[in-house]
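Before any comments, here is the structure.
The values are calculated or read from the model by the stated rules, or taken from the named source; none is laboratory data. Since this is a predicted model, take the numbers as computed values, not measurements. All Cβ positions, even for glycine, are placed from backbone atoms using ideal geometry, and neighbour counts span all protein chains on display.
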Amino acid sequence: MHARSAARFAFALAALLAGCASPPPPEPAVAAYVEPEPDVTITAQPKDQVELECLAKTIYFEARGESEQGQRAVAAVVLNRVKSPKFPNTVCEVVHQGGTNGRDCQFSWWCDGRGDEPKDVNAWIRAATIAREMIHGAPDPTNGALYFHTTSVSPAWRTQLRRLATIGAHVYYR
């Protein structure tokens, strides 16, 4: 007997033994709820799917520990670069720009020598969701930034750019 049924039965028995004239109210009908499996795939047209995956991986590897706003800011930098004539014109080309030696890369995760498959399912779902929203026109929290770095470093190039914002653990420039 299920715990809920046993409790209802015990309540009814106690009511009868106490001399209550009316039975307890019926238990409300509860539909069984089954938690849906999370959708960790990115659905779009083949080319668009690749672009979304590049953006989602950049969010995941560069900012998964950041707030939603911080993750949106990293995505915005990639998308701002796509729009800029100074950079390649696709998300994947922007993300993959630079060498493979860890020093010439624009995004450290791309050439850090570590695996590039997300391991934290919840963080991956969040990054993929934010990537979809940003590609479909969600607001840019950086006001047009093309560059960023973590607050734990002070790259020399920062002095040549205009600082736009600090969001979470990243500083954004144009």
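Every test in (1) surrounded by fewer than 15 Cβ atoms within 10 Å (Cβ to Cβ); (2) at pLDDT 60 or above; (3) within 26 Å of Pro141 (Cα to Cα) is passed by Lys119 save one, and that test is (3). Scanning segment 72-100 for residues that are polar (S, T, N, Q) and under 12 Å from Leu146 (Cα atoms) yields Asn80, Ser84.
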